[in-house]
C-alpha cells in the first residue's frame, strides 16, 4: 500500500497545529511528550531540509528523514539557548511559539523554492507500508531511526515517572529594593528599608516557607510566611529598620520551612553602612 503526500508540508502544518492544541489541553505530561516528539524531533528539521535542499535528487527519502532529525535537534538546542536569555525564558509557551514560528518560516521558504523547480524535480513523498519492498540498507536506517525515537521516548517517560530526587530545590535570592533599583549600601538609622526577596518552589510538593530578616544577628521583628505550590514563584517585600548608626552592619535574610528550627538554606547576606539621623 502506498500513500502519496506531495511534499508533505500541508499535512505537516495541519499536524503541528493539532498537536499544539492537544499539548495545551491534555493535562497528562506523558501524553504531551509522546505527541510532542515528532513536533520537536522531525517537523522543524524537515521544513528546513526542504528549504535548503528543495529538489528531489538532492536527498533520498531516508537520508532526508535522518537529516531532518539532526536539523530538528540542532534547532531545538539553538532555540533553547536563545530563549534562555530572553524575558520569556524556557517555558512550554515560549518553546511552542518558537518552534511553530521556525516551522512556519522554513515552510514558506520551502514552498517558494519548490515553485521555482520543474514539476519533475519537486519532492513527491510516497509512503510505502510494505517492509519487504525496501532494500537492506533502507531497513537498517529505519531500524536505527526507530531505536533513536523509542530510546528518547523511553528515557523521557522514565524520567517523568521516576524523577531524580536530587533535582528538588528551592530558589532564594534578593531581587533588589522595592523600586527594583540597585541594592542599598547606605541607610539611615531609624528609617525603614524595604527589599524584594524572591522564593521559587521546585521541590515537587507544596511547602510553606518563613522568611526572617536579622540585623547584626538580632532576633527578627517579624516573620513573613509563604505557601507555594511546586513551580510557583513569589516576590515578597520585607522591611527592616536599622536602630543604630555604624559601618559594615550585616543584614541577613533567612529562609525556614514551617515548623523547622534551623535555616533551610544558607542565609542571604547584605552589608550596609548606617548613618545617624540628620538633624533638622
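Site pair residue 189 and residue 74 shows an inter-label distance of 6.6 nm when each label is modelled 7 Å from Cα along Cα→Cβ. If R0 is taken as 30 Å, the Cβ-Cβ distance between residue 147 and residue 168 corresponds to a FRET efficiency of 0.40. Ranking of 22, 69, 103 by neighbouring Cβ atoms within 10 Å, starting from the fewest: 22, 69, 103. Available extension along the chain between residue 88 and residue 14 is 24.0 nm, counting 0.36 nm per residue and deducting the alpha carbon span. Whole-percent P(r), the stretch 194-256, all Cα pairs, 5 Å bins from 0: 4, 16, 27, 21, 13, 10, 5, 3, 1. As a calculated quantity, the FRET efficiency between residue 97 and residue 117 at R0 = 30 Å, using C-beta atoms, amounts to about 0.45.
When you restrict to C-alpha pairs under 8 Å that are six or more residues apart and normalise by the size of the stretch 184-243, the relative contact order lands at 49 percent. For the stretch 166-275, a Kirkwood hydrodynamic radius built from all Cα pairs, placed in the Stokes-Einstein relation at 37 °C and 0.692 mPa s, yields a translational diffusion coefficient of 226 µm²/s.
By the beta-carbon count within 10 Å of each Cβ, the least crowded to most crowded order of 107, 275, fewest first, is 275, 107. Stretching the chain fully between residue 206 and residue 63 yields a gain of 46.7 nm (0.36 nm per residue, less the alpha carbon separation). The separation of the stretch 92-111 from the stretch 47-84, counted between C-alpha centres, amounts to 13 Å.
For the stretch 56-120, the convex hull spanned by the alpha carbon atoms encloses 93 Å³ per residue. Put a dot 7 Å past the Cα of residue 235, heading toward its Cβ, do the same for residue 105, and the two dots end up 2.9 nm apart.
Each value in this text was obtained by applying a stated rule to the coordinates, not by laboratory testing. This is a predicted model, so every value here is computed, not measured. All Cβ positions, even for glycine, are placed from backbone atoms using ideal geometry, and neighbour counts span all protein chains on display.
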